[in-house]
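Engineer: Sharing a structure here in structure tokens format.
Read-outs throughout are calculated quantities, based only on the coordinates presented, and are distinct from any laboratory measurement. Predicted, not measured: the structure shown is a model, and the values here were computed from it. Glycine also receives a Cβ, built like all others from the backbone with ideal geometry; neighbour counts cover every protein chain displayed.
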Amino acid sequence: MAGDALAEQFVGGTIYQAFLSALSYHRWHAPVSGTIKKAFVADGTYFSEKISAAIFNTNDAAQSKAGLTSSQSYISHMATRAIIFMEADNPDIGLMCFIGIGMDEVSTCDITVKEGEHVKKGQCEFYYLDLYLPQLTLYRYW
């Protein structure tokens with residue numbers, strides 16, 4: 001969450017993590033209606049792997065894929081990230097956060113909403129120009 005002050009509210013919450021492959025749909029739609037509280041891109045690396053994954057990496061496609069897979073937690077902290085905090089209209093859900101993580105050589109994080117904007121469930125908030133990448137949605141409770 002790039003050291004944002006709102007991050008503390010998610011300690012002890014729930015994380016949903018997904019990984020999009022090359023042929024996946026690369027857009028994120030609001031899971032609920034609500035208001036965008038913050039939306040920004042945190043600068044980071046592109047096409048990076050943790051050193052232990054790179055040591056064993058070869059030209060073998062299976063080994064290369066294994067390096068990317070084992071590096072997901074590293075990439076979640078080091079790669080360029082699109083971070084969107086949204087306050088759900090439903091008070092039982094409250095504040096939630098989406099983090100799109102850019103990785104690989106062609107990734108781009110493009111946020112399509114603005115702070116203060118009200119979005120409806122299903123509205124596209126973010127898209128990637130990428131081959132592979134993980135994404136996280138965080139909830140304070142559940």
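Engineer: Spelling out what I want: for every residue of segment 2-7, take phi, set θ = phi - 60°, compute 6.51 cos²θ - 1.76 cosθ + 1.60 (Karplus), and round to whole Hz; glycine and proline get x.
Structural biologist: Per-residue couplings from phi come out as 6, x, 5, 4, 6, 4 Hz.
Engineer: When Lys and Arg each count +1 and Asp and Glu each count -1, what net charge do the other residues less than 9 Å away from Lys37, Cβ to Cβ, add up to?
Structural biologist: Values: positive: Lys38; negative: Glu87, Glu115.
Net charge around Lys37: -1.
Engineer: Using amide H atoms built 1.01 Å from N in the peptide plane, name the residues 5+ places from Glu115, or on other chains, whose amide H lies under 5 Å from its own.
Structural biologist: Ala39
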